[in-house]
Amino acid sequence: TPRFTTRYFAGATNVTAPGTTNATLTATGGTITGTVTAADTGRGLPAAWVFAIASNGTLTGTLTRPDGGYTLTGLTPGTYRITYVDPVGGRPQEYHDNSATYDGATPLDISANTTTNGINATLG
């Protein structure tokens with residue numbers, strides 16, 4: 001049975017239904033952005049899978065946009081390895097930065113409320 005203490009409700013606002021109130025939430029995760037391109041065309045690779053693998057094995061993933069760009073958000077601060085997968089094009093999986101293996105991947109240290117840009121890959 002969950003037990004709630006006043007520490008969970010400090011600074012809470014009382015609202016009478018059907019009233020509303022505004023809240024400001026502080027982001028605590030980090031963000032990684034980049035672009036995945038196809039080696040044979042030089043163009044962005046749409047619908048590729050991009051995964052951030054935390055040091056504890058937790059995965060956070062997304063699909064690339066039509067232009068090959070991606071954004072991974074809400075990453076708990078820590079160290080990650082990024083991998084890129086083309087699920088339909090037959091291009092080999094790659095890890096950041098141009099590694100064929102997890103162990104060869106360049107780790108990224110992600111901090112809260114920061115964005116790490118330019119984590120790009122060219123597949124194929």
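Modelled spin labels at Asn56 and Asn22, positioned 7 Å past Cα toward Cβ, are 3.5 nm from each other.
Tally Lys and Arg at +1 and Asp and Glu at -1 over the other residues with C-beta under 11 Å from the C-beta of Val36: what net charge comes out?
On the way: positive: Arg43, Arg65, Arg91; negative: Asp67, Asp86, Glu94.
Its environment carries a net charge of 0.
A simple count of charges around Pro46, restricted to other residues whose Cβ falls under 12 Å of its Cβ and scoring Lys, Arg +1 and Asp, Glu -1, yields 0.
Whenever you get a sec, compute what percent of the accessible area on the range 77-124 sits on carbon and sulfur atoms (1.4 Å probe). Within the range 77-124, the accessible surface is 44 percent carbon and sulfur. Close amide H contacts of Thr116 (hydrogens built in the peptide plane, cut-off under 5 Å, sequence separation of 5 or more or a different chain): Thr31, Ile32, Thr33. Once the C-beta distance of Asn98 and Thr33 is scaled by a Förster radius of 25 Å, the resulting FRET efficiency is 0.85 to the nearest 0.05. Amide H contacts for Ala48 (H built 1.01 Å from N in the peptide plane; partners 5 or more residues away or on another chain; cut-off under 5 Å): Thr64.
The values are calculated or read from the model by the stated rules, or taken from the named source; none is laboratory data. All values reported here derive from a predicted model rather than from experimental measurement. When we count neighbours, we look across all protein chains shown, and the Cβ atoms used for this are built from the backbone with ideal geometry, even at glycine. To get the accessible areas, we keep the full protein, side chains included, count just its heavy atoms, and leave off ligands, DNA and RNA. Shrake-Rupley method; radii C 1.70, N 1.55, O 1.52, S 1.80 Å.
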